[in-house]
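To start, the structure itself, in structure tokens.
Bear in mind these aren't lab numbers, they're just calculated from the coordinates by the rules spelled out. Since this is a predicted model, take the numbers as computed values, not measurements. Here the Cβ is made from the backbone with ideal geometry for all residues, glycine too, and neighbour counts use every protein chain on show.
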Amino acid sequence: MRLSDLDIIVTAPPAPGWGGRYWILVKLTTACGIIGWGECYASSVGPAAMRAVIEDVFARHMQGENPENIELMFRRAYSAGFTQRPDLTVMGAFSGLEIACWDILGKARERPVYALLGGRMNERVRAYTYLYPLPHHDLNAFWTSPDMAAESALDAVERGYTAVKFDPAGPYTLRGGHMPAMTDITQSVAFCRAIRAAVGDRADLLFGTHGQFSTAGAIRLGRAIAPYDPLWYEEPIPPDNTAEMARVAAAVGIPVATGERLTTKAEFAPVLRSGAATILQPALGRAGGIWEMKKVAAMAEVYNAQMAPHLYAGPVEWAANVHFAVSIPNLLMAETIETPFHDRLIKGSIRVEDGFVAAPTAPGLGINVDEDFARAHPYDGEGLHLQMQEAPCDYVNGNAFEGGAPAPKDPPN
């Protein structure tokens, strides 16, 4: 087998864009006609520029190569241009292409991808969901309403989920770590109280942040929510400072989780060595791919740490997460996003049943991509997959975080 052709599809879920403003799908075809699908997760450049990066990585390091040679292709991409260090954009391109290689290999051997990764360790994968507005909720009011969040959490639990994630403390800002407003702390406590009261011990609370706090601010907030016993405190400070994150972990007593913005073992290893986090959340479409994250999972075993693959993307990365999760012994859970668009794009080929995803049995990634549907919804906007706000924390009027792709706002009169 030889990798022959590359096609890139940038598809956009409908507003408000759960899973991001757009998803970059890659389609690889071998010279013998086997097709593999992958997904490149959010990058720091727009989709037009990212398309050029993906094309370059494929042509330079992968085209004409046997898709079995994943280690070789990874080393080419990782070392290109005299780098040999993590590069989020290049690894984002390679990761999606690497996932497609595994899809090809599984189809060629008529085996699920996890069967090529050491086999099935877990018969099913525990899933968790972010709390999204229910159909009757006000989309704008939801993000600052503990009662609506509690109602959404109860709905998720009644559908079988045993863990729910929410992030009531804004803002998600490019200015780096800040001290939370007192209103942010009060609101976070109110969310934890209301959700815990609604679900009791039927579900774990996963407290999300997005690296927005200073070390001292993260400690203050973490100590305030600790009485509600969250399972994790997600990325409480910017992810590039493992020593300070370790200080937060030691001070708050809540397990710290991090990883959605990290790439390759070179960035995950310091997290483990420093004790910054005991739960790792790689996004397989940017972290180096399935094989690289198998290495990270093995490293995490040595530190008694667990893996919880992150998902704020489309269903192709979700499928890769599932196969990775099925194959490792130190799995905690995996994020999921259930929307009609996700479901339609892969023709219903992944199902969450009673809060779990069963180990797939079909060859490759086990998904059926609706290529025509993906092409019928192209992205024509100007925003990045995820956006960080430029305005600082508002200590007067309060803050709200609406996810990376917030609801459209009416233009001012």
Honestly the stretch 143-258 on the Cα gyration tensor test (a ≥ b ≥ c root eigenvalues; a/c under 1.5 rounded, otherwise a/b vs b/c for prolate or oblate) is just prolate
From the list [x] 4, 19, 26, 23, 15, 8, 3, 0, 0; [y] 5, 22, 31, 25, 12, 5, 1, 0, 0; [z] 5, 23, 34, 26, 10, 2, 0, can you say which value of P(r) over Cα pairs in 10 Å bins from 0, in percent was derived from the structure given? [z]
Tilt relative to the chain, helix 215-225 - C-alpha long axis, 0 to 90 degrees, to 10: 70
Placing each pseudo-label 7 Å from Cα in the direction of the beta carbon, Met182 and Arg159 end up separated by a distance in nanometres of 3.8
If one takes the longest principal axis of the Cα atoms in the chain, at what angle in degrees, from 0 to 90 and to the nearest 10, does the Cα axis of helix 315-327 lie? 90
Please state the shape class of the stretch 307-357: rounded when a/c is under 1.5, otherwise prolate if a/b exceeds b/c and oblate if not, all from the C-alpha gyration tensor. prolate
Treating only the Cβ atoms of Lys and Arg (+1) and Asp and Glu (-1) as charged, compute the dipole magnitude of the stretch 147-296 about its Cα centre; round to the nearest 20 debye. 420
Tell me the angle of helix 290-302 to the major Cα principal axis of the chain, expressed in degrees between 0 and 90 and rounded to the nearest ten. 50
I'd like the distance separating the alpha-carbon centroids of the stretch 169-237 and the stretch 1-79, in whole Å. 35
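Kindly put Met299, Met307 in sequence by how many other C-beta atoms sit within 10 Å of each C-beta, fewest to most.
Met299, Met307
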Counted neighbours (other Cβ, 10 Å), sorted fewest up, put Asp240, Asp201 in the order Asp201, Asp240
Less than 16 Å apart at the alpha-carbon level, and either on another chain or at least 8 residues along: which aspartates and glutamates does that give for Lys107? Glu68, Glu98
Simple spin-label estimate for Ala141 and Asp394 in nanometres, 7 Å along Cα-Cβ: 1.7
Helix-only CD estimate at 222 nm, as mean residue ellipticity for the chain, using -39500 (n - 2.57) per DSSP H run (n ≥ 4): -11000 deg cm²/dmol
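Classify the stretch 3-110 as rounded, prolate or oblate from the Cα gyration tensor: take a ≥ b ≥ c as the square roots of its eigenvalues, call it rounded if a/c is under 1.5, otherwise prolate when a/b beats b/c and oblate if not.
Because a/c hits 1.5 or more and a/b fails to exceed b/c, the stretch 3-110 counts as oblate.
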Dipole of the chain, positive direction: furthest Cα of Gln212, Thr83, Pro13, with charges on the beta-carbon: Thr83
Between Asn304 and Arg109, with labels modelled 7 Å along Cα→Cβ, what's the label distance in nm to one decimal, could you check? 3.4
Cross-link partners of Lys347 among aspartates and glutamates (Cα-Cα below 16 Å; sequence separation of 8 or more within a chain): Glu317, Glu338, Asp370, Glu371, Asp372
Which lysines have a Cα less than 25 Å from the Cα of Lys165, not counting those fewer than 8 places away in the same chain? Lys294, Lys409
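At 0.36 nm per residue, and after removing the present C-alpha to C-alpha distance, how many nm does the segment from Leu134 to Gln387 gain when stretched out fully? Present the calculation step by step, with values, prior to reporting the outcome.
Values: separation 253, 0.36 × 253 = 91.08 nm, distance 2.37 nm.
Additional length available on full extension: 88.7 nm.
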